[in-house]
Amino acid sequence: MNEWFTLEEIDDTTFAISEYGHREQVHSYLLMGKECAFLIDTGLGIGNIKKVAEALTNLPVKVITTHVHWDHTGGHRLFDEIYVHKEEAQWLREGIPLPLEKIREYVSGPVTKPLPEDFCIENYFPYKGEPALVLHDNDILTAGSREIKIIHTPGHSPGHICIYEEERGFLFTGDLIYKGTLFAFYPSTDPEAYWESVEKICAIRKIDKILPGHNDLNIDRHYPEGVRKAFMELKGRGLLKHGTGLHDFGSVKIRF
């Protein structure tokens, strides 16, 4: 196994592929069915995530993009079949509105693990390409024996999605919900839409496991409800808008 990545088994056909050596502590997820495998995000692009996936399955791998930010699309270039929500299809084709130098600065670290020998930041370019499939809210994708639902959850970014697998109660939340400070202060973020998206996922009746895009994998399945209450309080105080700063609710922190 590539030493850059940490592999964690969620169940016998679901794996978290994590990059704990970078401050972003990004998680990608491999979901294996009978006909194909879905890879939710491809991480930072520092290590070769395709080799990790190939060590786990011989099935064709289809990449589902939670959102087109540099820390979730770094390995997209290694795969042929990329899916993205329609609101960020243009970003996938043309790139996010962030200078290359700034992205390279973010990718560079800080790190707490040795970088792969073949990684060179001067050769790092954000992925740009044509999506194989443009996704919409409530789309159902099947891997043969597994069925997942696309849930459009804008706020952190316009085309952000969560992925829900009802049979197992798995909710892959990307950057909508994770332990740590939730960010909605960039020009391309929307605090009101973020709140509405949190409300949307809190309405899901069966959630047995939250699988986030960053940080600690051990999240209580009721954690989104705490995030919802924080947003509700900010809404009531007129603080659900850009420029109001960091709001600390103990276990939940939000920056607008």
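The values are calculated or read from the model by the stated rules, or taken from the named source; none is laboratory data. In this text the structure is predicted, and so the values were computed from the model without any measurement. Glycine also receives a Cβ, built like all others from the backbone with ideal geometry; neighbour counts cover every protein chain displayed. Quick note on the areas: whole protein, heavy atoms, side chains included, nothing else; ligands and nucleic acids left out. Shrake-Rupley method; radii C 1.70, N 1.55, O 1.52, S 1.80 Å.
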### Query
Is there any pair linking a residue in segment 229-245 that is under 14 Å from Glu196 (Cα atoms) to one that is of a type outside the set (D, E, K, R) and open to solvent by 40 Å² or more (accessible area, probe 1.4 Å), with Cβ under 7 Å and at least six apart or on different chains, and which?
Ala230/Phe249; Phe231/Trp195; Lys235/Trp195; Leu240/Trp195
### Query
Does segment 86-100 hold any residues that are over 17 Å from Glu122 (Cα atoms) and either open to solvent by less than 50 Å² (accessible area, probe 1.4 Å) or within 19 Å of the chain's Cα centre (by Cα) (or both), and which are they?
Lys86, Glu87, Glu88, Ala89, Gln90, Trp91, Leu92, Arg93, Gly95, Ile96, Pro97
### Query
Pairs under 7 Å by beta carbon, first residue within 18 Å of Ser197 (Cα to Cα) and among the acidic types (Asp, Glu) in segment 128-149, partner open to solvent by less than 40 Å² (accessible area, probe 1.4 Å) and not in a loop (DSSP other than H, G, I, E, B), six or more apart or different chains?
Asp137/Ile150; Asp137/Ile151; Asp137/His152; Asp139/Ile150
### Query
Out of all the residues in segment 14-24, is one or more more than 23 Å from Ala143 (Cβ to Cβ), open to solvent by 10 Å² or more (accessible area, probe 1.4 Å), under 13 Å from the mean Cα position of the chain (by Cα) and not β-branched (Val, Ile, Thr)?
yes
### Query
So how many residues does segment 51-101 have that are closer than 24 Å to Glu9 by Cβ, touching an Asp or Glu at 6+ places or on another chain (Cβ under 7 Å) and either of a type in the set (Val, Ile, Thr) or at pLDDT below 95 (or both)?
3
### Query
Within segment 158-173, which residues are open to solvent by 10 Å² or more (accessible area, probe 1.4 Å) and assigned to a strand (DSSP E or B)?
Tyr164, Phe170
### Query
Do we have any residue at all in segment 64-75 that's within 24 Å of Ser108 (Cα to Cα) and surrounded by fewer than 17 Cβ atoms within 10 Å (Cβ to Cβ)?
no
### Summary
Looking across segment 101-153 at residues that are among the polar types (S, T, N, Q) and closer than 30 Å to Glu35 by Cβ, the single one that is surrounded by the most Cβ atoms within 10 Å (Cβ to Cβ) is Thr153
### Message
Where the second residue is surrounded by fewer than 17 Cβ atoms within 10 Å (Cβ to Cβ) and not hydrophobic (A, V, I, L, M, F, W, C) and the first is closer than 19 Å to Leu141 by Cβ and lies in segment 50-63, which pairs have Cβ atoms under 6 Å and are six or more apart or on separate chains?
### Response
Lys62/Glu81
### Task
Please state which one of Lys206, Lys253 is open to solvent by 10 Å² or more (accessible area, probe 1.4 Å) and in contact with a strand residue (DSSP E or B) (Cβ under 7 Å, 6 or more places away or on another chain).
Lys253
### Query
If you go through segment 187-199 one residue at a time, do you hit one that is within 18 Å of the chain's Cα centre (by Cα), in contact (Cβ under 8 Å) with a residue 60 or more places away in the chain, closer than 23 Å to Thr14 by Cβ and part of a loop (DSSP other than H, G, I, E, B)?
no
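A quick yes/no check of all residues on (1) of a type in the set (Phe, Trp, Tyr); (2) in contact with an Asp or Glu (Cβ under 6 Å, 6 or more places away or on another chain); (3) more than 21 Å from Ser251 (Cα to Cα); (4) open to solvent by less than 20 Å² (accessible area, probe 1.4 Å):
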{"site": "Asp175", "(1), (2), (3), (4)": "no, no, no, yes"}
{"site": "Tyr186", "(1), (2), (3), (4)": "yes, no, yes, no"}
{"site": "Pro191", "(1), (2), (3), (4)": "no, no, no, yes"}
{"site": "Trp195", "(1), (2), (3), (4)": "yes, no, no, no"}
### Message
Can you go through Tyr83, Tyr29 and tell me which one is among the hydroxyl-bearing types (Ser, Thr, Tyr), buried (at least 19 other Cβ atoms within 10 Å of the Cβ) and either in contact (Cβ under 8 Å) with a residue 60 or more places away in the chain or assigned to a loop (DSSP other than H, G, I, E, B) (or both)?
### Response
Tyr29
### Query
Pairs, please: C-beta under 9 Å, at least 6 apart or cross-chain, first residue closer than 20 Å to Gly159 by Cα and in a loop (DSSP other than H, G, I, E, B) and in segment 88-108, second among the small types (Gly, Ala, Ser) and at pLDDT below 95?
Ile96/Ser188; Pro97/Ser188
